[in-house]
Every structure is written in structure tokens, then in C-alpha cells.
Amino acid sequence: MAQVQFQHVYKTYDDGTQALVDFDLQVQDGEFMVLVGSSGCGKSTALRLLAGLETLTAGNILIDDDDINDKPPQQRNIAMVFQNYALYPHMTVRQNLAFPLKMMKRGRADTERRVQQAAALLELTALLERKPGQLSGGQRQRVAMGRAIVREPRVFLMDEPLSNLDARLRVSIRADIAGLQKKMGTTTLYVTHDQVEAMTLGERVAVMNEGRLQQLGAPQDLYEKPANTFVAGFIGNPGMNLFSAQLAKVDNRIQVMLGDYKITVSDTNVVAPDTLASCTGQDLIVGLRPESFIPGSGDDDTLPARISSVETLGHEQLIYFTAPWSGGKTLVARQGSLQHIAHHEVLLKPDTSQLYFFTAEGVAIY
Amino acid sequence: MPHNIVLRLTSYAALVVAALLFVAPLLFMFAGSLKPDDQVLLEAGSWRAFLPDTIAWQNYLDVFARVRFGRYLMNSLFITSMIVAAGLIVNSLAGYAFARLQWTGRDILFAGVLTIMIVPLEAIAVPLFYQVTLFGWRDTYIVQILPFLANAFSIYLFYTFFIGLPRELEEAARIDGASVLRTFVSVIVPNSKPVFATVAILTFLMQWGAFLWPLMVTSGEAVRPLPLAVSTFHSLPPLQWGDIFAFGVMMVSPVLIVFLLFQRWFVRGVVATGIKG
């Protein structure tokens, strides 16, 4: 168990690519921290720096106040699960699990006991004499997990460990990982590009983009209070709709002006109308989650839209639409009704208590 | 599809012709080794050259009578196996260092190694000869072994293989607590059998037939390898082709055995390292 700190960490590659810029992060003892972002955002680099597989350009990385910058991977006492599992193909499952213990020069009896424990925990006992090539994807994943836990490391690192599995297996192993981490209580850094995985697994989630930490918080906080347009668009499935607008104050009410259309901000909106009053006349970005559209009937605050495509998910539909007020952007609405058809006109009513506002630079206004 | 059949027949025919072309000299030598001397040249121009009339082992007995075949064979086996074994260690470590380790001057040095590949032994033989003479190494085993341990082509083969191995394997080993050398020994080597086999076979083939360098640096039969023994048959009359062929058969046999034993590995290694056979 350990606390991990990234202090103003920079990583610039030889070709000038900035993978991490002033990256600051503190992972608490026993915490399950998820780093999420699209590919190339620097999340894996952060993990690899912590593992010692890459050297940082500037800054410090500490495990329990122990500066590990100059320590080689083998002296950091961390364990890592790789995306492609990186099992040793020439070794049996037993030998794979025992390898880290062998490197630690544990005695034969202790090694065997720990291997058996890990195998029992991950239901690998029957597979101990097989080689990785004879295992299914899910089994390999479990062996990789086993190899990580067997040595009881200070920190677990997981680099997209589920991305090579099919959707159903991913969900079940996701739950296994969460349960295992809770049981062991080991500080864990988990990297993924899948925001659903991040939201379901992480006690806290760090959203990253272009080498910078965008927001750090509990999953629900990221969803409810995104710090900027990137986080708003990234968290949520699909992410938040974002479109340009101006605010106007009419009869003491704040209205969102969308070209020829307007909607009135509810008094109970997530951003208090009083806060918005100071932003009138400015170019802003408005955010509205897909689930915050309700079917409209032509009354006030109803907006017309033209459906470009429909995805039916069984219990609901995702409607992709364009609208004269969306500034040419395709937006998406989640609808419980299953009646929508592509290329038809539809009236949508935004939930005016769920409107988010961002400055033109993308910073959230609260 | 008739077109496919024609194509298959044509390619089989071409392969048979090519195979015959390659096998013919060996067959000629083997048949010749079993004939009395007077018949060897007599029948050389006809198809009978490939078929012995009678099986006569006399030529083989002559070889043993005229040269110390056993001594030469042991010398060749010792020198070649030392070069192969030690060469595998030296060149695989070098290939790994070039492929995976980060160190100053790596790329420049690797370019240098690649350049050395095109320098033939003949070009450096004289200065090398001068050097080993200064060391007092002439007429020893070491003078026939040491200069051939580090081999640019072998390093290149190892390099191309290692660079294609998944990097995560090594990273996993490093994180699991293995040092660089331990990672190499426990993870890289066991997963690189094809390239080790390829380099071993190529080195063996190359060194088994070494002639020029041993001729320069050795004078007595105590340390001389097999290819030099064949010159005995030319320099000690009468010139008996049957003996020479018998000697040739005995000299080539180990190469053939090694190749046939490791053929599967060899093919896999050639495919894996992307070299052309």
C-alpha cells in the first residue's frame, strides 16, 4: 500500500512531442485511480513513467515520499498489467506467476504458497500447467492479474487491461478487478480510453487531454460538474452536446439566444441564473446532455430538429440530428420513445434546468 | 482450375530442375568416391558419373592412410563449435544492446557494424595477420577462433529479430524484478530460438569451409582444419580424384547432417529474420 505523487511532471520525447505537461496528481493510499483520455493524451506515458519504463523530462514522482525518479523498474516494487498481457510465452501459468517471486529470491515453499493462493483467487488452479498460447483471452487476462498480485506490490498499474476482450467478458472482468482491488486494498492506477470503464471502476478519475490533466474528481462529479468542454464532451455516453449561443436578460429571466430561437434558463438550473447574468452579451458555449432533451409539443422552449440517423438500443433511441440553431453541428438526444425515424422532423424540448455554460475558451461557468 | 494445375506443374518442374542442379555435384562426388581412380575421370563426361559400377570403399581407406583425417576433423569440429557457441553469446548480446538498450553512440556504432558487413576477410587479412603475429598467436586455435566471434551479419540478424519481439515482454520482466541481463537470459533467449538456430547454422556453414585464414596463420597439422587437408592430396602425388572425392564426402557430411537436423529451425529463422535464403 502506498501513496503516489506526480509533481509537475513533464515528458517530452526526442521528436519534440510533449506527452505530459505540468502533470500533477496525488493518488491516496489504497485508492483506485483511473486515468482516462483519448489515445495520445499522455495517460499511458504517466503510467510508464511511474513504472520506470521511461524517464521523465522534469518533475518528480514519489511513492510514499520516496523519490523514485532514478530507480530502475525492478527497484520500485510495483506490478503492471499490460494491454496485451505480456505473459511469457515459453513459461507455464505456474512459471509465469512464480517469475516475479523468483526474481525477489523468495524461497521455494513461499513461492509455491503464493502461487497457489493467487491461482485460487483467480480460478487458475486447473490451468497452472498450461502455456499462455493454450489459454483464452479472459484466462490470459487473469494470469496477468495473478502475476501482478502474487508479489504484493506497493502499487498496481493497469494499462488498458480489458481492451482486448469482447464486450461481455469486459463487463464481468471489470467487476472482478474492482472486487479484487477492494479485497487487496492496493493503490491502483488504471489507464483506459473507455469512459464507461473509468466511471464504473474509479474511486476518482483523472481526465487527460494533450498531456494535461483536465479534471480530477469522483466519477459523478465529473459528470455533474465538468470543468471544461473537453471533460463535458468526453464523460457521458454519448458526451455532452456543445453549441454556441449568447445570453440575454429578458424580463429578469436569462434567455439562451440560438439564432432565431431562444430558450429560458430555469431558476433551478445547474448554473444559477444569477451567475449567468454577468455573462449576458458574451459568446458562450452551451452544453446539454443527450438525456436532457424531452419530446416537445410546440410550446415555449421547444426547438425544431431534423433527424439524420437513429440508433435503437432496445429500451431507448439515440437520435442524431441537425438543427438551424446548432450552428451546423450534429447533436444527439437520448429518447425513451422508440418512434423516431431518420430524415423526419422532430420537436425537442431542452430540460432548461440542465443547461451548462462554458466560456468561448471552453472553461466551465458555475 | 486448369490454369492452376499448369502453374503448379510448371513450378514443380522448375523446382525439380533446380534441385537436380544443386544435388548433381554432391551426387557426382559421392559416386566418384566409390569408384576406382582410373574410372573417375573416364566417366566424368557421361551420366555414369553419377552412378558407381561397384561399391568400393578403398578410397576412404586411402584417405585415412594419406592424411590424419581424425586430427583434422577434431580441429575443425573444435574450432567451428567454439566459434558457433561463443559467437552466439557475443553476437546475440550485441544485437540486443543495439535493438533495445539506450546508450550514447548506439546508432552511430550500429551504422558502423552494418558497414563492416560488406568488408570481406580478404581485405583485412594482411593487417590481421600482422597483428596476430605480433601477439604470437600463429599456429594456435585461438587465432582461428577469436577473429570470427563477433560477426556483423550475425549481429544484424539478432538485431532484426529482437527488434520485432514485443517490447512489453521485456518491460514485464523488468517490472517483475529482472535485471537487463536476467531479462535477456530468461525471457528473450527462450523466445528467440529460430534466430539462434539460423545464426548457428550460418556460422557453422561459413566456418566449416574456412580456408584462406587457416592457411595463412597455421603451418602444422596439429591445429589445421579439414579444408587445408584437401590440399595434401594436390601437393602429394599421385593426384587421385577418388581419394579427393572420398575426403570431400566425409568433409561435407557433418554440414549436411547439421542442416538436415535443424532445417525446420533454419527455415523458421530465415522467415523470422526476413533474410533471403
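The values are calculated or read from the model by the stated rules, or taken from the named source; none is laboratory data. For clarity, every value in this text was computed on a predicted model and none was experimentally measured. Glycine also receives a Cβ, built like all others from the backbone with ideal geometry; neighbour counts cover every protein chain displayed. Note: accessible area is taken over every heavy atom of the protein model, side chains too, but ligands, DNA and RNA are not part of it. Shrake-Rupley method; radii C 1.70, N 1.55, O 1.52, S 1.80 Å.
Mind telling me which of the residues A:I319, A:I254 ends up being free of Cβ contacts under 8 Å to residues at least 40 places away in the same chain, under 33 Å from the mean Cα position of the chain (by Cα) and open to solvent by less than 50 Å² (accessible area, probe 1.4 Å)?
Details: A:I254 fails: under 33 Å from the mean Cα position of the chain (by Cα).
A:I319 is the lone residue from the list that is free of Cβ contacts under 8 Å to residues at least 40 places away in the same chain, under 33 Å from the mean Cα position of the chain (by Cα) and open to solvent by less than 50 Å² (accessible area, probe 1.4 Å).
Any idea which residue in segment A:67-102 is farthest from A:G133 (Cα to Cα), counting only those that are open to solvent by 20 Å² or more (accessible area, probe 1.4 Å) and in contact (Cβ under 8 Å) with a residue 60 or more places away in the chain?
Checking each candidate, the answer is A:N77.
Is it fair to say B:V63 is within 28 Å of B:K193 (Cα to Cα) and assigned to a helix (DSSP H, G or I)? Outline the logic, then answer.
Details: within 28 Å of B:K193 (Cα to Cα): no; assigned to a helix (DSSP H, G or I): yes.
Here the answer is no, as B:V63 does not meet what is asked.
Any residue that is of a type in the set (S, T, Y) and surrounded by fewer than 19 Cβ atoms within 10 Å (Cβ to Cβ) - is there at least one of those in segment B:194-210? Outline the logic, then answer.
Kept after step one, since they are of a type in the set (S, T, Y), are these residues of segment B:194-210: B:198, B:203.
From what is left, the residues that are surrounded by fewer than 19 Cβ atoms within 10 Å (Cβ to Cβ) are none.
Scanning segment B:194-210 turns up no residue that is of a type in the set (S, T, Y) and surrounded by fewer than 19 Cβ atoms within 10 Å (Cβ to Cβ).
For segment B:172-196, give me the residue count where each residue is more than 15 Å from B:G95 (Cα to Cα) and either polar (S, T, N, Q) or more than 12 Å from chain A (Cβ to nearest Cβ) (or both).
2
Being in a helix (DSSP H, G or I), more than 7 Å from chain B (Cβ to nearest Cβ) and surrounded by 17 or more Cβ atoms within 10 Å (Cβ to Cβ) is the filter here, so list the residues in segment A:103-112 that pass it.
Applying the first criterion (in a helix (DSSP H, G or I)) to segment A:103-112 yields A:103, A:108-112.
Okay, now just the ones that are also more than 7 Å from chain B (Cβ to nearest Cβ), so A:108-112.
Hit for segment A:103-112 is A:T111, nothing else.
Take residues that are modelled with pLDDT of 80 or more and tell me which of the helices (runs of 4 or more DSSP H) falling wholly in segment B:220-277 contain 2 or more. First the steps, then the outcome.
On the way: elements: B:226-235, B:241-261, B:263-273.
Correct list: B:226-235, B:241-261.
Within segment B:94-120, count every residue that is touching a residue at least 60 places away in the same chain (Cβ under 8 Å) and surrounded by 13 or more Cβ atoms within 10 Å (Cβ to Cβ).
Step one: filter segment B:94-120 for residues touching a residue at least 60 places away in the same chain (Cβ under 8 Å), giving B:94-96, B:98-101.
Imposing the further condition that a residue be surrounded by 13 or more Cβ atoms within 10 Å (Cβ to Cβ) reduces the set to B:94-96, B:98-100.
Of the residues in segment B:94-120, 6 are touching a residue at least 60 places away in the same chain (Cβ under 8 Å) and surrounded by 13 or more Cβ atoms within 10 Å (Cβ to Cβ).
I'd like the full set of residues that are in a loop (DSSP other than H, G, I, E, B) and more than 9 Å from chain B (Cβ to nearest Cβ), limited to segment A:79-102. Don't jump to the end; show me each part of the working.
Applying the first criterion (in a loop (DSSP other than H, G, I, E, B)) to segment A:79-102 yields A:82-92.
The answer is A:T92, and nothing else.
Can you pull out the residues in segment A:1-40 that are among the hydroxyl-bearing types (S, T, Y) and assigned to a strand (DSSP E or B)?
Step one: list which residues in segment A:1-40 are among the hydroxyl-bearing types (S, T, Y), which gives A:10, A:12-13, A:17, A:38-39.
Result: A:Y10, A:T12.
Could you say whether any residue in segment B:61-77 is of a type in the set (S, T, Y), loosely packed, with under 15 Cβ neighbours inside 10 Å and at pLDDT below 95?
Initially, segment B:61-77 is screened for residues of a type in the set (S, T, Y), giving B:72, B:76.
Next cut, loosely packed, with under 15 Cβ neighbours inside 10 Å only: none.
Scanning segment B:61-77 turns up no residue that is of a type in the set (S, T, Y), loosely packed, with under 15 Cβ neighbours inside 10 Å and at pLDDT below 95.
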